[in-house]
Amino acid sequence: KTTFNPITIRKDFPILNRKVNGNPLVYFDNAATSQTPQQVIDVIVDYYSNYNANIHRGVHALSQEATDKYEQARIKIQKHFNAAKPYEIIFTSGTTHSINLVANGFSSILKAGDELIVSAMEHHSNIVPWQMLCERTGAILKVIPMSEEGELLLDEYHKLLSGKTKLVFCNHVSNALGTVNPIKTIIDAAHEVGAAVLIDGAQAAPHIKADVQELDVDFYTVSAHKMCGPTGEGMLYGKEEWLNLLPPYQGGGEMIAEVTFAKTTYADLPHKFEAGTPNICGGIAFGAALDYMNAIGFEGIAAYENELLHYATEQLLTIEGLRIYGTSKSKTSVISFNIEGIHPYDMGSILDKLGIAVRTGHHCAQPIMDFYKIPGTVRASFSFYNTKDEVDVLVAGIKRAKAMLL
Ligand code: PMP
């Protein structure tokens, strides 16, 4: 048991006071997007109220202020994930952008017959860019299978690795199942055969503070909107050597050293990968979101969310006909489930009428749904500002929906 106090924390989130369909909002769609605390909203308002200006190229005061705050945010992100250098943090619009940036860069490195390894439990954004890369280069995509419990089969992974393997990519935490994958083992084994590793940290970052140097990971991706920050903002961590090797993703302003019609040379890191005017306010607010979460503390957050996960799992399993997908012991606070005879969409719609926000469908992870031979699941994902009382509301809501639908 922790001394963590969600009731005090909830006061930071104005949206949690609203009603939906006449009922108090119970927000259990945190794995899709987390809510935003007043402290981060204030930073956004302050930016547009007081120092909105384009960065890096202005001599005037506002531009310099905005540039300073933006670069300070980069350093906050660097420190949070323990990157060795600030320029190993590339601002992106989120995980999707980060993965596409790396996949595009590998077009000029891979050749036909090279092998890439993906896990069976990826979000589409960590599958499709690589399939597009394979189409362009003739590289071959292999898949680490998973078990009924929703865990990767590491023996099979080791069998897939060879001198032909150039890249391995896998999520740190599955958005559809909540499984925390053994990424250190995955990274070390890939490095033994000389392959690089990209870890999609979109679902891990709100719960686990990853240390990219300790992990020795080559690339790590994060979306700010899943960790109390704004949408359309995120980061790519890349080891300096890799970022120097990869070509730029987009051409434009900010990313050049010199442009003539004969030849253009590219700017140094991180600007080489940051063409155009970025989401300046988004970057600054991402930094503020990290400050907010770190002030609460990731240990407290993880312990409390784990308590919520276990309570909710226990309570949900009292409902007859309810099956949970993803039963690994190593999970974040995500519960994907179905009730025999009820389509997830119908369950989600009734819960919405009761003010309870859950996600239904394939969660952008169709291969997982194919594995379980289901069209989708209902997914309740908990954050540190949720409570056991809200879990009780969910359980009662499901029982009511079940009585209506069956
Ligand atoms: N990977 C995982 C594991 C995710 O959960 C998500 C978001 N659902 C993404 C990637 C994509 O993130 P974004 O939409 O912020 O680019």
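The values are calculated or read from the model by the stated rules, or taken from the named source; none is laboratory data. Everything numeric here is computed off the predicted structure, so don't read it as measured data. In this analysis, Cβ positions are derived from the backbone assuming ideal geometry, glycine residues included, and neighbour counts consider all displayed protein chains.
Observations on the model:
- Lone qualifier among ALA66, ALA61, ALA103, ALA73 - being of a type in the set (A, V, I, L, M, F, W, C), at pLDDT 95 or above and closer than 18 Å to LYS272 by Cβ: ALA103
- Some residue of the stretch 133-148 being modelled with pLDDT of 95 or more, hydrophobic (A, V, I, L, M, F, W, C), over 22 Å from the mean Cα position of the chain (by Cα) and crowded, with 17+ Cβ neighbours inside 10 Å: yes
- Highlighted here are the helices (runs of 4 or more DSSP H) found entirely within the stretch 289-406 that include at least 3 residues which are touching a helix residue (DSSP H, G or I) at 6+ places or on another chain (Cβ under 6 Å): 298-316, 344-353, 388-405.
- Of the residues screened, LEU167 is one that is closer than 26 Å to HIS80 by Cβ, of a type in the set (A, V, I, L, M, F, W, C), away from the ligand (no atom under 16 Å from the Cβ) and assigned to a strand (DSSP E or B).
- Output for the stretch 348-377, where each listed residue is away from the ligand (no atom under 16 Å from the Cβ), buried (at least 17 other Cβ atoms within 10 Å of the Cβ) and closer than 27 Å to MET227 by Cα: GLY348, LEU351, LEU354, GLY355, ILE356
- Selection status of GLU214, more than 16 Å from the ligand (Cβ to nearest atom) and out of contact with any helix residue (DSSP H, G or I) (no Cβ under 8 Å at 6 or more places or on another chain): yes
- Any hit, the stretch 333-352, residues being in the same structural domain as ASN306 (by TED's automatic domain parsing), in contact with a Phe, Trp or Tyr (Cβ under 8 Å, 6 or more places away or on another chain), more than 21 Å from SER34 (Cα to Cα) and modelled with pLDDT of 95 or more: yes
- Pair list, Cβ under 8 Å, 6 or more apart: the stretch 28-41 residue in contact (Cβ under 8 Å) with a residue 12 or more places away in the chain, other residue assigned to a loop (DSSP other than H, G, I, E, B) and aliphatic (A, V, I, L, M): PHE28/VAL358; ASP29/VAL358; SER34/MET227
- Top-ranked residue of the stretch 205-225 - restricted to ones that are more than 13 Å from the chain's Cα centre (by Cα) and in contact (Cβ under 8 Å) with a residue 60 or more places away in the chain, ranked as surrounded by the fewest Cβ atoms within 10 Å (Cβ to Cβ): GLU214
- Segments classed as strands (runs of 3 or more DSSP E), wholly inside the stretch 64-147, with at least 1 members that are within 23 Å of LYS226 (Cα to Cα): 89-92, 115-119
- Among the residues of the stretch 185-216, those that are of a type in the set (A, V, I, L, M, F, W, C) and within 20 Å of ALA120 (Cα to Cα) comprise ILE186, ILE187, ALA189, ALA190, ALA195, ALA196, VAL197, LEU198, ILE199, ALA202, ALA204.
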